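Structure, as C-alpha cells:
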Amino acid sequence: MKPPPFTYCDPESVDEAVALKSEYGNDSLVLAGGQSLLPMLNMRLARPEALIDINKIGDLQKIERRADILEVGAGVRQYELEDHPLVGELVPLLPEATGYIGHIENRHRGTVGGSLAHADSAAELPCTAVALDATVVVHGASGTRTIAAQDFFQGRMTTALEPEEVLVAIRYPVTPWTAGHGFVEVSRRVGDLALAGAAAVVNLDEDGRFTSVSVGVLGISDTTVRASAVESALIGEAPTEENIARAAKEIVPSVTSGDDLHATRAYRRHLASVVVSRAITAAVARAHERSNGK
Ligand SMILES: Cc1cc2nc3c(=O)[nH]c(=O)nc-3n(C[C@@H](O)[C@H](O)[C@H](O)COP(=O)(O)OP(=O)(O)OC[C@H]3O[C@@H](n4cnc5c(N)ncnc54)[C@H](O)[C@@H]3O)c2cc1C
C-alpha cells in the first residue's frame, strides 16, 4: 500500500516547523519516527496535504537536567530513555516502562513526542507522563504553552495540541531518591499493545506509611487514566497486601473499554485492579530498598 500524495517539508528549526504548521494548519501532520503515522498514511487513514518532517531539528533531540526537572526533547528516540544515564538516575520509571514499547526496531525510530502526540490509550509513555505529573511543552505561532500531562490527553487519540502547534518537549519532575516506582503490563504477546498496564510512584514516611501515591493506568479507557481514587484510598495507610489490593479495586469504575478482539470488558476490569496492585507493590519494594540504602 502506498500513501496518498503529499508535499514533503523538512524544516531545520522549531520556528520553521511552526511557520509551516501555520501555513498548512489542519491539512498538515508532523512526521517524527513514523511508526504510527506511516501505517496510517499507507492505509489511507490520514491524508495530509503536507508532511512536516521534524527529524532534522537538533533542538528537539536533547535530554537535559534543569534544576528539579528532566527535560526530554520531543524528537528523542524512545530507546534513548532506556540507555541514557541521566534518565535512569533521575526518573527511573521511564527506562523501565519504555522497554515495553513494541519491539526494539520501533523504539529506535519512534520518538517520545510522537508517542505522546499519537495518544494511544494503551501506550506506555502517556501513562508514565500522567503518573509522573509531567508537563508537555508545545510551540505555536503565538509562543510556547505548557500543559499538565493529565490535561493533555483528552480522549481517544485526542490531545490538547492545536493544529498549528508542534510538541517540543516533555518535562518530568526528578523522582525523589527515597521514592519507589513500579511498572506492570499484560499483553498477549511480547511487543503487542498491552491489554492493561499501570505505572506507580510512591513515597513512604518513617513509619512506612504512604505519604504519596501516583498511579497511571493504560489500556482500560479511551485515554490513559490517573487512578485518583486508588491514590486517595492509600494515603496514610500501611503498604500491606490487603490495603493495596482493596485500594486497587477502586480502579474498576474507570474501566470503560468495551469487549473487543483482545479481551472482554469483564476481563479488563479484573486485570486493571491486578496491574494496579502489582505496580504499587513493586514501587513499595523499591522504596524499601532505597530506604535501606540499596
Ligand atoms: C509493530 C509496532 C508495535 C508497536 N507497539 C507499541 C507499544 O507497545 N506501545 C506504544 O506506545 N507504541 C507502540 N507502537 C507505536 C510507537 O512505536 C510509535 O513510536 C508512536 O506511537 C509514535 O511515535 P513516532 O515518533 O513514530 O510518531 P509518528 O508515527 O511520526 O507520528 C504519530 C502521530 O503523532 C504526531 N506527531 C509526532 N510527533 C509530533 C510532534 N513533535 N508534534 C506534533 N505532532 C506530532 C504525528 O503527526 C502523528 O499524528 C508500535 C508501533 C509498531 C509499528
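Taking amide H as placed 1.01 Å from N in the peptide plane, the amide H of LEU204 sits under 5 Å from that of THR211, each at least 5 places away or on another chain. Within the stretch 186-294, all pairs of alpha-carbon atoms sorted by distance into 5 Å bins from zero give the percentages 2, 13, 24, 22, 16, 11, 7, 3, 1, 0.
If one puts a single equal scatterer on every Cα of the chain and applies the Debye formula without solvent, what log₁₀ I(q)/I(0) results at q = 0.11 Å⁻¹? Once normalised to I(0) and log-transformed, intensities are -0.64.
Relative contact order, percent, of the chain when contacts are C-alpha pairs under 8 Å separated by at least 6 residues?
Once normalised by length, the contact order is 16 percent.
The chymotrypsin sites (Phe, Trp or Tyr not before Pro) of the stretch 107-207 that DSSP puts in a loop, and whose beta carbon has at most 16 other beta carbons within 10 Å, are TRP177.
All other residues with a Cβ under 11 Å from the Cβ of THR211 taken together, and with Lys, Arg as +1 and Asp, Glu as -1, what is their net charge? If you can, show how the numbers build up before the last one.
Numbers: positive: ARG209; negative: ASP205, GLU206, ASP207, GLU237.
Charge balance in the 11 Å sphere: -3.
Compare ARG290, ARG189, ARG278 by solvent-accessible area with a 1.4 Å probe and give them largest first, with all protein chains kept in place.
So the residues, ranked largest to smallest area, are ARG189, ARG278, ARG290.
Note on the stretch 184-228: along the principal axes its Cα atoms extend 40, 22, 9 Å, ordered by decreasing extent. Each Lys or Arg adds one and each Asp or Glu takes one away; over the other residues whose Cβ falls under 10 Å from the Cβ of ILE52, this sums to -3.
Once the convex hull of all Cα atoms in the stretch 36-158 is built, its volume per residue stands at 128 Å³.
Largest first, the extents of the alpha carbon coordinates of the stretch 80-139 on the three principal axes equal 26, 25, 22 Å. Dipole size of the stretch 208-294 about its Cα centre, with +1 on Lys/Arg Cβ and -1 on Asp/Glu Cβ: approximately 200 debye, rounded to the nearest 20. Taking the stretch 102-241 as the region of interest, what is the percent of Cα-Cα pairs per 5 angstrom bin, listed from the shortest bin to the one with the maximum distance? So the P(r) values, bin by bin, are 2, 10, 18, 20, 19, 15, 9, 5, 2, 1, 0.
Calculated [222 nm] ellipticity per residue, helices only, for the chain: -9500 deg cm²/dmol; basis is -39500 (n - 2.57) per DSSP H run with n ≥ 4, divided by all residues, nearest 500. For the stretch 27-135, the solvent-accessible area of protein heavy atoms averages 40 Å² per residue (probe radius 1.4 Å; ligands and nucleic acids excluded).
Heavy-atom surface analysis with a 1.4 Å probe gives the chain a carbon and sulfur content of 49 percent of its accessible area. FRET efficiency for the pair GLU23 and SER187, taken as 1/(1 + (r/R0)^6) with r the Cβ-Cβ distance and R0 = 41 Å, rounds to 0.50. For the stretch 1-87, what is the percent of antiparallel DSSP beta bridges, rounded to the nearest 5? Around 35 percent of the beta bridges assigned by DSSP in the stretch 1-87 are antiparallel ones. Selection among VAL18, VAL274, SER212 by position relative to the dipole of the chain gives VAL274 as farthest towards the positive end (Cβ unit charges, Cα centre). Counted over the chain, the DSSP beta bridges are approximately 85% antiparallel.
The values are calculated or read from the model by the stated rules, or taken from the named source; none is laboratory data. Keep in mind the model is a prediction, meaning the values are calculated, not measured. With ideal geometry, Cβ positions are generated from the backbone for all residues, glycine too; neighbour counts draw on all protein chains shown. The area values use the complete protein model at the heavy-atom level, side chains included, leaving out ligands, DNA and RNA. Shrake-Rupley method; radii C 1.70, N 1.55, O 1.52, S 1.80 Å.
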